[in-house]
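Reading through the structure tokens given below for one structure.
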Amino acid sequence: MSTFVVENRIWDKAETLPRHELVALQSAKLKETVERVQNVPFYKKAFSEAGITPEKINSLDDLQRLPFTTKADLREQYPLNMLAVDRSEVARYHGSSGTTGKPTMVAYTQNDLKVWANLCARFLTGGGLLPEHSVQIAFGYGLFTGGFGLHYGAERVGASVIPAAAGNTPKQIMLMMDMQVDALVCTPSYALTLSEFIIQNDIPRSALNLKYAHFGGEPWTEGMRTRIEDELGILCFNNYGLSEVIGPGVSGECAVRDGMHISEDAFIVECINPDTLEPVEPGEEGELVFTSLCKEAMPIIRYRTRDIAALKPEPCTCGRTTIRMDRVTGRSDDMLIIKGVNLYPSQVEQALLRVEGTAPHYLIEIDRPDRTDVATIKVEMTDKSFSSSMKELQELKEKIDHAVKGTTGLHMNIELVSPNSLERFIGKAQRVIDKRKLND
Ligand code: DLL
């Protein structure tokens with residue numbers, strides 16, 4: 001565990017606005033946004049089909065009358081039909097990671113870039129970043145929003161940035177040691193890869209000056225947090241965002257680390273039942289939906305993220321008044337249905353991390369030979385368990401099976417694989433191979 005203590009620091013006063021002021025601000029900005037999106041033919045049409053004119057939107061209660069925007073809508077408007085400004089006003093483009101086909105392109109005006117840097121500065125400050133710190137950014141710097149988003153956020157705080165970008169693990173570790181880096185920014189799965197390199201190369205903790213890290217870009221579990229914190233002796237903070245909404249900077253943890261504060265002066269969040277599209281009860285899990293309030297180039301109305309998480313409306317002890325979101329447990333489109341049981345890969349991760357003798361590297365493979373789903377979890381053994389007796393290995397498999405059954409309700413085949421045999425990731429991890437889809 002880390003001995004480093006992050007003091008409770010707040011970046012700007014928008015984080016602590018009394019609720020009534022925040023609501024007034026949101027209502028005014030919503031009205032502006034609704035007017036702005038009339039420049040986008042897609043929204044103009046959607047609003048007129050719903051019989052809504054900007055004058056009819058006067059308070060937050062009117063939000064629910066507005067149409068949703070989906071990923072499919074954005075794909076249809078590829079590349080730039082969602083722009084609300086002239087192209088000459090765009091200062092930068094990014095693209096979402098899109099696993100298949102073309103990415104979703106997103107655009108920022110100069111002012112959008114300023115707002116974005118400020119939002120990232122907020123959560124970085126909440127999670128320990130000080131002007132005198134150095135921060136190594138091991139995210140991709142291409143179309144992905146992670147690299148540039150965190151980069152300008154950290155610079156905005158006044159910290160010194162090492163734009164290491166993703167990959168080349170030995171060089172990352174060399175820089176981290178030689179530059180005595182204070183903070184690391186990457187995906188949690190890349191942090192595992194880095195940590196493994198440090199352990200395998202017997203690099204003593206004293207050779208590093210790393211104190212804390214900001215992870216985001218993919219789902220991860222509390223078990224994974226504990227594992228990385230123990231291995232690296234640092235504090236790990238979670239931050240969340242998505243390209244379509246702005247990139248990183250939508251929400252992030254404060255020093256209390258009990259949920260991520262959503263920047264409500266910049267976004268309105270809703271949590272809905274993805275089937276009925278009705279709001280869920282406060283504290284209940286549902287799909288997060290965001291409406292941007294400050295974006296000029298590509299404002300977005302009620303964007304259905306597919307990310308499943310619960311909102312925590314109760315106030316945080318840090319003094320921020322903003323609503324928090326719990327960890328994202330998965331994306332509704334990543335939900336697996338195995339033998340009729342719904343589950344997310346994160347539930348498997350949660351189970352595996354509780355079992356001693358396994359490394360936190362796994363792969364879920366699903367197939368349907370003979371019309372019955374067969375799910376296999378490949379789990380890496382640690383070096384120690386690798387040299388165990390057959391009897392001990394059998395016991396280890398039974399423990400894993402028991403833990404997985406506990407979190408998912410399913411028995412799956414457990415295959416113990418040798419250390420270092422599964423793929424390592426430099427960006428977002430790919431932990432599922434669903435051969436049923438490949439065979440479709
Ligand atoms: O991943 C933005 C980002 C970069 C956030 C770096 C944080 C840090 P996209 O590539 O568009 O943007 O992917 C967005 O990633 O809808 C979630 O499913 C997932 N995601 C992002 N952060 C988290 C997180 C960036 N902390 C998609 N926990 C989102 C769980 C996350 N899932």
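The values are calculated or read from the model by the stated rules, or taken from the named source; none is laboratory data. Please read these numbers as outputs of a predicted model, since none were measured by experiment. Because the Cβ atoms are built from the backbone with ideal geometry, glycine has one as well, and the counts that use them run over all protein chains shown.
I'd like to know if segment 276-285 contains one or more residues that are within 14 Å of the ligand (Cβ to nearest atom) and assigned to a strand (DSSP E or B).
Looking through segment 276-285, at least one residue is within 14 Å of the ligand (Cβ to nearest atom) and assigned to a strand (DSSP E or B).
Which of the residues spanning segment 223-239 are away from the ligand (no atom under 12 Å from the Cβ) and out of contact with any helix residue (DSSP H, G or I) (no Cβ under 7 Å at 6 or more places or on another chain)?
Matches in segment 223-239: T226, R227, E229, D230, I234.
Looking for something free of Cβ contacts under 8 Å to residues at least 40 places away in the same chain, within 13 Å of the ligand (Cβ to nearest atom) and either part of a loop (DSSP other than H, G, I, E, B) or under 18 Å from the mean Cα position of the chain (by Cα) (or both) - is there at least one such residue anywhere in segment 296-308?
Yes, that holds for at least one residue.
When the residues of segment 19-78 are narrowed to those that are touching a residue at least 40 places away in the same chain (Cβ under 8 Å) and basic (K, R), which ends up farthest from S96 (Cα to Cα)?
R19
Can you say whether E244 is in a loop (DSSP other than H, G, I, E, B), in contact with a Phe, Trp or Tyr (Cβ under 6 Å, 6 or more places away or on another chain) and not basic (K, R), as far as the supplied structure shows?
Yes; evaluated as a whole, the condition is true for this residue.
Go through the residues of segment 134-142 one by one and say whether even a single one is touching a Cys at 6+ places or on another chain (Cβ under 9 Å) and more than 16 Å from the ligand (Cβ to nearest atom).
Within segment 134-142, not a single residue is touching a Cys at 6+ places or on another chain (Cβ under 9 Å) and more than 16 Å from the ligand (Cβ to nearest atom).
Residues that are at pLDDT 95 or above and under 15 Å from F237 (Cα atoms): which strands (runs of 3 or more DSSP E) entirely in segment 119-191 hold 1 or more of them?
Where strands (runs of 3 or more DSSP E) fall fully within segment 119-191 and carry at least 1 residues being at pLDDT 95 or above and under 15 Å from F237 (Cα atoms), they are 134-137, 183-186.
How many of the residues making up segment 412-428 are crowded, with 18+ Cβ neighbours inside 10 Å and either of a type in the set (D, E, K, R) or in contact with an Asp or Glu (Cβ under 6 Å, 6 or more places away or on another chain) (or both)?
Total meeting the criteria: 2.
Could you tell me which residue of segment 314-356 is surrounded by the fewest Cβ atoms within 10 Å (Cβ to Cβ), considering only residues that are in contact with a helix residue (DSSP H, G or I) (Cβ under 7 Å, 6 or more places away or on another chain) and under 26 Å from F267 (Cα atoms)?
Looking at the filtered set, the residue picked out is G319.
Which residue is nearest to the ligand (Cβ to nearest atom), if the candidates are limited to segment 72-88 and must be part of a helix (DSSP H, G or I) and buried (at least 16 other Cβ atoms within 10 Å of the Cβ)?
Checked segment 72-88; the qualifying residue nearest to the ligand (Cβ to nearest atom) is L74.
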